[in-house]
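Asks: What follows is a structure written as structure tokens; I'll ask about it next.
Just so you know, all these numbers are worked out from the coordinates, no wet-lab data involved. The structure displayed is predicted, hence computed values, not measured ones. When we count neighbours, we look across all protein chains shown, and the Cβ atoms used for this are built from the backbone with ideal geometry, even at glycine.
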Amino acid sequence: GSWPDATKQLLEDEDFGTVLGKDNNWLGETIQSVTLPGDSKEEKARKIYSFVRDNFICSSRGSIYPKQSMRDVLKKRNGTVAELNMLLVCLLRKADITADPVLMSTRGNSAMYSMYPIMDRVNYVIAQVTLDDKSYYLDASEPYYGFGKLDYTCYNGHARVVNKLADPLHFSADSLYEKKLTSMFFIYDKANGFKGTLQQNLGQFESAMIRGKVKNKGRDQVFADIKKEYTADTELSEEKIDSLSNYDQPLGIKYDLTLKGFDEDIIYFSPLFAEGYKTNPFKSAERFYPVEMPYCMDETFLLRMDIPEGYKIDELPKSMMLKLNEEGDGVFEYRIAASGDAISLRSPLTIKRTYFSPDEYEMLREFFNVVVKKQNEQIVFKKK
């Protein structure tokens, strides 16, 4: 049949659509406890989404049919992906907000076929909410994402809204940009070595990963793992994580560093320190399948560093710019300069699309070979 036929059957299915068609008056008390009478529809939608996301545990994934009633899901505070997002739709509708389930197939499962329904390919249900003619897509089973944000596994092409028209949707990984900005600033103290500060603004997906790590292992373990990336003579202090509980904002990490051991006649160090690529992510010499990255990349590293008193620059990496191809689908820059008594470095790396054919693999692999080699080049200071 057609997609409208399939969604019509789902809406009439006792195990799916009848849940949405009920009055669900028993949800009124929950709505009142979560929202305020003067809230706008968007404020209500955000509060209801946060309520389900923050108070319910996802028990399993991979099925579009609820296995328990919405009453039981609300009472037990846990459910499958489908159950949590169907409850979210019911709550939104009870608050007089336009909401519908959305069928999709996650990455690693298979792509949904747009022309007609092959239901075996459908393995995931999220929620669509419409506010002032703008649609937002929500997944309350993911505990660390902000309003309107989905995990990258949901960006797998075709999807369908479960309504009478079976409205088609398309979730492209090319629309996702994981942006990261790292800045480091060092001054030289003859008695204590280099003292500096690192500040990072992370992207959506790394922010979610760090939030989960803090929840499961604790904040101290996060910084203990960061410290392992530096040499043994590095000390961290004044560690801070900003916006840890504000999932609508990217995570910010900040800490002070003290780099010791800078009293040798010749000093070698990488100006990217613990940042950058240590190895090429594309290790195989050949590839027979396409490369499908989870999202586009936009990473920038900034450094300003004093030249130690009593030293001179013996070796400094050369500046360069590299394009992945003529279209500039990937660009890597390494701009380094010494001016007066300081060194400055600016190094952005962008990948503007996520799909690369097998014929493009060697080009992509060689691009990252150059990136890794350049990011691991060292500055050499020598005593005067």
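Asks: Return the label of the correct value of P(r) over Cα pairs in 10 Å bins from 0, in percent, as calculated from the structure shown, out of (1) 4, 19, 24, 21, 16, 10, 4, 1, 0; (2) 5, 21, 33, 25, 11, 3, 0, 0; (3) 4, 15, 20, 19, 14, 11, 7, 5, 3, 2, 1.
Replies: (1)
Asks: Straight-line reach from residue 94: which lysines fall under 23 Å, measuring Cα to Cα and dropping same-chain residues less than 8 apart?
Replies: 8, 22, 41, 44, 47, 67, 75, 76, 134, 149, 164
Asks: Between residue 209 and residue 256, what length comes free when the chain is fully extended (0.36 nm per residue of separation minus the Cα-Cα distance, one decimal in nm)? Don't skip to the end; give the middle numbers.
Replies: On the way: separation 47, 0.36 × 47 = 16.92 nm, distance 2.23 nm.
Result for the pair: 14.7 nm of gain on full extension.
Asks: For segment 71-142, state which trypsin sites (Lys or Arg not before Pro) are in a DSSP loop and have at most 12 other beta carbons lying within 10 Å of their beta carbon.
Replies: Working: sites: 71, 75, 76, 77, 93, 94, 107, 121, 134; in loops: 77, 107.
When the trypsin sites (Lys or Arg not before Pro) of segment 71-142 are filtered for loop state and at most 12 Cβ neighbours within 10 Å, 77 remain.
Asks: In a shell of Cβ-Cβ distance under 14 Å around residue 36, excluding residue 36 itself, what net charge do Lys and Arg (+1) and Asp and Glu (-1) give?
Replies: Working: positive: 41, 44, 46, 47; negative: 39, 42, 43.
Summing Lys/Arg as +1 and Asp/Glu as -1 gives +1.
Asks: Between beta-carbons, use under 10 Å as the cut-off and find the net charge around residue 377, counting Lys and Arg +1, Asp and Glu -1.
Replies: On the way: positive: 318, 373, 374; negative: 315.
So the environment of residue 377 carries a net charge of +2.
Asks: Note the full-extension length gain between residue 327 and residue 96 as 0.36 nm times their separation in residues minus their Cα-Cα distance, in nm to one decimal.
Replies: Working: separation 231, 0.36 × 231 = 83.16 nm, distance 4.74 nm.
So the extension gain works out to 78.4 nm.
Asks: For segment 1-117, what is the Kirkwood hydrodynamic radius in Å, using each pair of distinct C-alpha atoms?
Replies: Working: mean 1/r = 0.0655 Å⁻¹.
Evaluated on segment 1-117, it is 15.3 Å.
Asks: Taking the Cα centre of each part, how many Å lie between segment 13-73 and segment 75-141?
Replies: With segment 13-73 and segment 75-141 each reduced to a Cα centre, they are spaced 12 Å.
Asks: Further question on the same structure: Sort largest first and round to whole Å: the equivalent ellipsoid semi-axes of segment 7-70, each the square root of five times a Cα gyration tensor eigenvalue. Could you put the intermediate results ahead of the total?
Replies: Values: eigenvalues 125, 52, 25 Å².
Gyration-tensor ellipsoid for segment 7-70: 25, 16, 11 Å.
Asks: Counting Lys +1, Arg +1, Asp -1, Glu -1, what net charge surrounds residue 274 among other residues with beta carbon under 10 Å of its beta carbon?
Replies: Working: positive: 227, 228, 278; negative: 229, 275.
Overall, the nearby charge balance is +1.
Asks: Additional query: Run the quick spin-label model on residue 199 and residue 116: label points 7 Å from Cα toward the beta carbon, then report their separation in nm to one decimal.
Replies: So the label points at residue 199 and residue 116 sit 5.8 nm apart.
Asks: Taking every DSSP beta bridge that has both residues in segment 272-384, what percent is antiparallel when rounded to the nearest 5? Mind showing how you got there, number by number?
Replies: Working: 28 of 28 bridges.
Percent antiparallel among DSSP bridges in segment 272-384 is about 100.
Asks: Skipping prolines and chain starts, which residues have an amide H placed within reach, meaning under 5 Å, of the one on residue 319, given they are 5 or more residues away or on another chain?
Replies: Here 336 satisfy the definition.
Asks: Given R₀ = 45 Å, FRET efficiency for residue 236-residue 169 by Cβ-Cβ distance, to 0.05?
Replies: Working: r = 44 Å, r/R0 = 0.99.
Efficiency, from the Cβ-Cβ distance: 0.50.
Asks: Just tell me which lysines come within less than 28 Å, Cα to Cα, of residue 382; anything on the same chain fewer than 8 places away is out.
Replies: 190, 195, 227, 228, 260, 278, 312, 318, 373, 374
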